[in-house]
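Values in this text are rule-based calculations from the coordinates and carry no lab data. Computed from a predicted structure; not experimentally measured. Every residue, glycine among them, receives a Cβ derived from its backbone with ideal geometry; neighbour counts consider all protein chains shown.
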């Protein structure tokens, strides 16, 4: 096809006089005619038509898998020259496309155009099911799978399926053990970039999520949302067995083990089982003798943080538990409950030998000791009689 600058006056329709206006009009007609070309080049595999043979050749590489263009840096192959040129910007760091609004730079024009929709608020892609709108076609495609239930990406190791390729890639790191994201401060590695970013806040002290009720700050949005349920009273997680509600999903899962009897955490020392990892860790300190919680006042050590907090009240004189009946105050909740039995008359500890009931466990144990001693005396007396 002749370029616009190569078209001469002789190539146009003959006219008696060749005025500049007539030449311009006829010239534009010729150019317009050349732009509307027939799509004579036909793909025999999928039936798609193209107006140039070069476009057909490029398209056919989709079917053949041919990738004739190679990156000189890493050897990666591409079906089109423009794609290898764009890829090489990863190695050179070149980002020639600039956002005029915020100054952010991009390696290709399509990425800039997608980004600019953030500033414009443009969301041209709409879901036909729920009318939700998206700034990118790929986001709409991913969203549609919520309605269709389609999970086209399957793990070859365990058969799990995913709606997005990126989610499959993250999941596969469980099997491979790959942790490509590294903390520059402590060297710790992570399977996901987002997890690394959250971890880095430990070093920076950054807490970007702010509670509008009490001004507390949090490192993650999920922790802020959990915290806000204290103010709202929301408990969205319900037990299907007993109807009890919880603010966190993890707390519901632990609670459900009461109904199932599941105790997945196992002590390797004594074979005892526990419902939570924290309970197992507390228990293991019996075997190891580890007492990681220390009193700053007297130096005494404890196996549990809660025990240290109770102990510290000896030094501070704090008694936070209050009896509504007689206004007595106590250092622990268990002492308050024990005291309240004086008012209620409750005696929950029953002797199986004589049926007598007791208000405290200590009194019950002292009573049981009487029968233990009597039984030992009876056994000794019987042994003497036999001799």
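Residues in the stretch 123-150 that are in a loop (DSSP other than H, G, I, E, B) and closer than 27 Å to residue 83 by Cα: 4 in all.
Among the residues of the stretch 45-57, those identified as surrounded by fewer than 16 Cβ atoms within 10 Å (Cβ to Cβ) and out of contact with any helix residue (DSSP H, G or I) (no Cβ under 8 Å at 6 or more places or on another chain) are 47, 49, 51, 52, 53, 54, 55, 57. Could you check, for the stretch 308-320, whether at least one of its residues is closer than 26 Å to residue 364 by Cα and not in a loop (DSSP other than H, G, I, E, B)? Within the stretch 308-320, one or more residues are closer than 26 Å to residue 364 by Cα and not in a loop (DSSP other than H, G, I, E, B).
Number of residues in the stretch 253-298 that are within 24 Å of residue 312 (Cα to Cα) and either assigned to a loop (DSSP other than H, G, I, E, B) or touching a helix residue (DSSP H, G or I) at 6+ places or on another chain (Cβ under 8 Å) (or both): the value is 10.
Restricted to the stretch 261-274, and to residues there that are farther than 26 Å from residue 301 by Cα and under 27 Å from the mean Cα position of the chain (by Cα), the residue that is surrounded by the fewest Cβ atoms within 10 Å (Cβ to Cβ) is 264. Considered as a group, the residues in the stretch 156-182 that are part of a loop (DSSP other than H, G, I, E, B) and in contact with a helix residue (DSSP H, G or I) (Cβ under 6 Å, 6 or more places away or on another chain) include one that is farthest from residue 220 (Cα to Cα), and that residue is 157.
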